[in-house]
Amino acid sequence: MNADKEKWVLLVVLSIIWGSSFILIKKSLEHFNPFQVGSLRVLIAGIILLPVAISNYTLFPKKHLKWLILAAFTGNFIPMFLFPIAETEISSSIAGIINSMMPIFVIIVGALVWKFETTKKQIIGTLISFTGVCILAFGGGDSGDLKMIPILLLLLATLCYALSTTTVKSKLMEVSSTVLSAFVFSFVLLMPSIIALTGTGFFSEFSFSKDNLTGLMFVSLLSVFGTGLAMMMNYRLLKVSSPLFASTVTLVMPIVAIIWGIIDGEKLTYLQFIGAGVIIAGLIFLRTSPKK
């Protein structure tokens, strides 16, 4: 498969997997608290990828250790807690829509931190999408469905994703996608996730009840597909494309998240649909190539 075709296949599959992660977070929260969901998500991925990390330990990028740690915590640890915390207050559909702001943060972080070139078109697209976020934030009607703090937490998580994505593209491209994922979850984040999970009282309170086992099933699906497999695919996508192209996975993710949300009984107001449309319109605008 040539690189151009591969990047589009990766984009579509990754959009479906990550778009489904928001409903899995919601279902996991019916059985565990947000901190347990975040910790378990990282821990399970770390355990599964540990054999890969151990068998490839000689490839560990010691000279780029600081960048590996930065990418790991911003892309695969901090957001794992921010999303569950936010989804205790807002719907999985809204979480998926807010996450579509990632390309905006990729442009901002890329320009400020890594000196990526920023065009006028990208700036205009950013402003259009930001307008959509404002409409979305205040479009909950009288139900009070949306609260500013959860939205700010989601925006912070999205900013973290952008920082991780640009760091990987700038500093860690010499490491294979599978090995990089294994190093991130097993060598860097495994112990922090165990410490975090211990702090929640999970190990002392857990029992093999039907409720807990159902919760573990949802978290395991989230971890295996939405975390471990998805990050391998994301790192591979970064290798065969640009950070901005890779981040546009978020164009399809909201559609998947909304579909799952509707199936699960969630509802959006007309104004929220308009806000989502404005966000996506801005992303499409900044993604279009200027005519030559």
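The values are calculated or read from the model by the stated rules, or taken from the named source; none is laboratory data. Note that this is a predicted model, so its numbers are computed, not measured. Positions of Cβ are backbone-derived with ideal geometry, glycine not excepted, and every protein chain shown enters the neighbour counts. All accessible areas refer to the heavy atoms of the entire protein, side chains included, with ligands and DNA or RNA removed. Shrake-Rupley method; radii C 1.70, N 1.55, O 1.52, S 1.80 Å.
Laid out as a table, the results:
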item: Extreme residue, surrounded by the fewest Cβ atoms within 10 Å (Cβ to Cβ), among residues of region 227-241 that are assigned to a helix (DSSP H, G or I) and in contact with a Lys or Arg (Cβ under 8 Å, 6 or more places away or on another chain); result: VAL240
item: Some residue of region 49-62 being open to solvent by 70 Å² or more (accessible area, probe 1.4 Å) and either among the β-branched types (Val, Ile, Thr) or in contact with an Asp or Glu (Cβ under 9 Å, 6 or more places away or on another chain) (or both); result: yes
item: Residue within region 25-41 that is crowded, with 18+ Cβ neighbours inside 10 Å and closer than 30 Å to ILE284 by Cβ present; result: yes
item: Pick from region 92-117, criterion without any contact (Cβ under 8 Å) to a residue 40 or more places away in the chain and not charged (D, E, K, R), ranking: surrounded by the fewest Cβ atoms within 10 Å (Cβ to Cβ); result: LEU112
item: Residue within region 12-19 that is hydroxyl-bearing (Ser, Thr, Tyr), touching a residue at least 24 places away in the same chain (Cβ under 8 Å), within 29 Å of LEU244 (Cβ to Cβ) and out of contact with any Asp or Glu (no Cβ under 8 Å at 6 or more places or on another chain) present; result: yes
item: Residue in region 144-163 that is touching a His at 6+ places or on another chain (Cβ under 7 Å), open to solvent by 60 Å² or more (accessible area, probe 1.4 Å) and either at pLDDT 90 or above or not small (Gly, Ala, Ser) (or both) present; result: no
item: Extreme residue, surrounded by the most Cβ atoms within 10 Å (Cβ to Cβ), among residues of region 171-206 that are within 30 Å of LYS115 (Cβ to Cβ) and over 19 Å from the mean Cα position of the chain (by Cα); result: VAL175
item: Flag if PHE81 is modelled with pLDDT of 95 or more, under 20 Å from the mean Cα position of the chain (by Cα), open to solvent by 60 Å² or more (accessible area, probe 1.4 Å) and within 17 Å of LEU197 (Cβ to Cβ); result: no
item: Selection count where residues are farther than 30 Å from HIS31 by Cα and among the hydrophobic types (A, V, I, L, M, F, W, C), scope region 84-124; result: 13
item: For SER220: the one exception among (1) within 20 Å of the chain's Cα centre (by Cα); (2) within 21 Å of GLY132 (Cβ to Cβ); (3) open to solvent by 30 Å² or more (accessible area, probe 1.4 Å); (4) not β-branched (Val, Ile, Thr); result: (2)
item: Whichever residue in region 243-268 is outside any helix (DSSP H, G or I) and modelled with pLDDT under 80 and, among such residues, is surrounded by the fewest Cβ atoms within 10 Å (Cβ to Cβ); result: VAL252
item: Elements of type helices (runs of 4 or more DSSP H) in region 99-199, at least 1 residues being within 14 Å of PRO79 (Cβ to Cβ) and of a type in the set (Gly, Ala, Ser); result: 148-171, 190-199
